[in-house]
Amino acid sequence: MMGSLAIIWAIGRKDLLLEIRNKDVVVAVAGFALLVLVIFTFAIDLNQGNAKLVGPGVLWAGIAFAGVTGLNRAFALEVEGSTLEALMLAPISRDLIYLGKALGNFLFIAVAQIIVIPVFAVLFNLVVFRWEMLAIALLTTLGFSAVGTLFAAMSVRVRAREVMLPLLFLPVVTPLLMAAVESTSHMVNGRSWSDMAQWLQLAVAFDVAFIVVSAFIFQHILED
Amino acid sequence: MVSQTTQLAVKAEAVVKNFGETAVLRGLDLELPTGEVTVLLGTNGAGKSTLLRILAMLTQIDSGSISMHGVDIAQNGPVVRALTGSVLHSPMLYADMTVRENLLFFAEMYRLQNVDDLISSTTVQVGIEQRIDDRVRTLSHGFQKRVALARALMHDPQLLLLDEPESGLDSRSVEQLDRIIENYKSMGRSVVMTTHIVEHALEIADRAVVLNNGTVGLNSTNPAADKTEILAAYSSKANDQ
């Protein structure tokens, strides 16, 4: 068990090291999401009522669309250098490769959110620095990473991968996006944990289901 | 799980591999004893690289069976991958990591111990110790190939798979590669390699296998003596193309 965790961490840490050097993914994700937020602040009359009404949707739509950009890039780097094959040569099970790559993607999207969410709070004048927001962000990012890593691996060898990934990814994460938007909406309207419990439970169920299923499917899509 | 007394490094029976409509391997049978250097010959598209990728477990066969040191590769993926070290066409390295960082990372993937000592000795063995803290991106293709070789040797595999290992190497590096292969063989390990530099390969190989139309066309256990026959078989395939 510890050996498997060490492998997963090593892959995630390696992705993080490469990202620190290249800044390909975090800049793309954060930049795209910030752009969405800024455009909506111009497009909508952001009085307090409107901000609470549309803010959560704008935030998570921006992060979801931006996340696609980052997920595409994260896997493309492995394929361009054929390093995915080097990982496949190692005597480790394929699901560890999946979990390691998903960890890397989780870290990238999480870092991007650390940049995006404070900007969202300022632009929409909403109080989001709460434990509820941390829980929502963690669960949503986990689900994005779980699904996105699988679909990025599936689409990476396809010629039109930039088109293919969002076509696969966005419909599947719709339940998770709904949970994130509804939970955030409850939070900014000052409701309690119990009010958002059903949405958080949906996010937990989504995450568990997709991590297990994706890890299983991943090993089959790597083979020629 | 690996039997030390098993004499066959590789046993392939009726191996079939198709890519779509194209048949690459058509019922290939091959037995390679341990402790031998085998060179796979054949024209472009003969199936050499596909066979190596299958042995490296990067490509799955459509039918047939393959075992390495008595272990069925279909049932024991991680076990078999620990037995093999591979240097394929691409160096398969992280360009924005240093040589040391690459080797450290792959040492973790192979769960190796005493990693620092291992990296030091392996980099000296392949002659890259001076560039160990350079990023891979800054290395020539030949140096990258050597780093790939270091990665393949680090876990001391029973079977070394080399796909045109001399490509991109200068003559001194090719000599160094020959010494590594010879040293490897002297330890009772096996090497399977492909090459287009046929005459040189026949000098260092114990066995030459000419692939023809997805099967074994010629299997010589004395390549130096059978040089004319092997070259003729190889040339006739080339002319057939």
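The table below gives the values:
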item	result
Peptide B:73-86, shielding by other chains (average Cβ, 10 Å cutoff)	2
Per-selection metrics, the protein assembly as shown (Cα): Rg and Dmax in Å	26.2, 90
Around A:T83: net Lys/Arg minus Asp/Glu count, Cβ-Cβ under 12 Å	-2
Stretchable slack from A:E80 to A:V163, in nm (0.36 nm times residue separation minus alpha-carbon distance)	28.1 nm
Residue mean of other protein chain beta carbons inside 10 Å, B:57-66	2
Between the stretch B:185-221 and the stretch B:151-173, the alpha-carbon center distance in angstrom	15
For A:G12, net neighbour charge (Lys/Arg +1, Asp/Glu -1) across residues whose Cβ lies under 11 Å away	+1
Antiparallel DSSP beta bridges within chain B, percent to nearest 5	55
Ranked by how many other beta carbons lie within 10 Å on average, peptides A:124-134, A:104-114 from highest	A:104-114, A:124-134
Under 5 Å, built H, 5+ apart or other chain: amide partners of B:V10	B:L32, B:H69
Cα gyration tensor, the stretch B:8-240 - rounded (a/c under 1.5), prolate or oblate	prolate
Crossing angle, helix B:99-109 versus chain B [Cα axis fit, 0-90 degrees, rounded to tens]	70
Whether the stretch B:110-191 is rounded, prolate or oblate, judged on the alpha carbon gyration tensor where a/c under 1.5 counts as rounded	oblate
Links that overshoot a 30 Å alpha carbon limit, given the list A:K52/A:K101; B:K11/B:K227; B:K11/B:K185; B:K11/B:K145; A:K14/B:K145	A:K52/A:K101
Kirkwood-based Rg to Rh ratio, the stretch B:51-119, C-alpha trace	1.04
Value at 222 nm in deg cm²/dmol, rounded to 500, when DSSP H runs of n ≥ 4 in chain B each add -39,500 (n - 2.57)	-11000 deg cm²/dmol
For chain A, calculated [θ]222 nm from helices alone, where every DSSP H run of n ≥ 4 adds -39500 (n - 2.57)	-30000 deg cm²/dmol
The stretch A:147-223 and the stretch B:90-110: distance between their alpha carbon centers, rounded to Å	31
Shielding score for A:21-29, defined as the mean number of other chain Cβ atoms within 10 Å	1
Axial C-alpha extent at least 24 Å, average Kyte-Doolittle at least 1.0 - helices from chain A (DSSP)	A:24-43, A:94-124, A:131-155, A:193-221
Sites B:T215 and B:R137 - FRET efficiency at Förster radius 45 Å, r taken between beta-carbons, to 0.05	0.65
Viscosity 0.692 mPa s, 37 °C: Kirkwood-radius Stokes-Einstein D of the stretch A:86-175 over Cα pairs, µm²/s	220
Positive minus negative residues near B:G70 (Lys, Arg vs Asp, Glu; Cβ under 14 Å)	-2
Sorted peptide list for A:59-68, B:192-201, criterion being average Cβ within 10 angstrom, highest first	A:59-68, B:192-201
Computed label-point distance, nm, for sites B:N183 and A:V127 using a 7 Å Cα→Cβ extension	6.8
Three-way shape label, the stretch A:72-224, alpha-carbon gyration tensor, a/c 1.5	prolate
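Taken together, the values in this text are just the output of simple stated rules run on the coordinates, not laboratory data. All of these numbers come straight from a predicted model, not from anything done at the bench. A quick note on method: Cβ atoms are made from the backbone with ideal geometry, for glycine too, and the neighbour counts reach across all protein chains shown.
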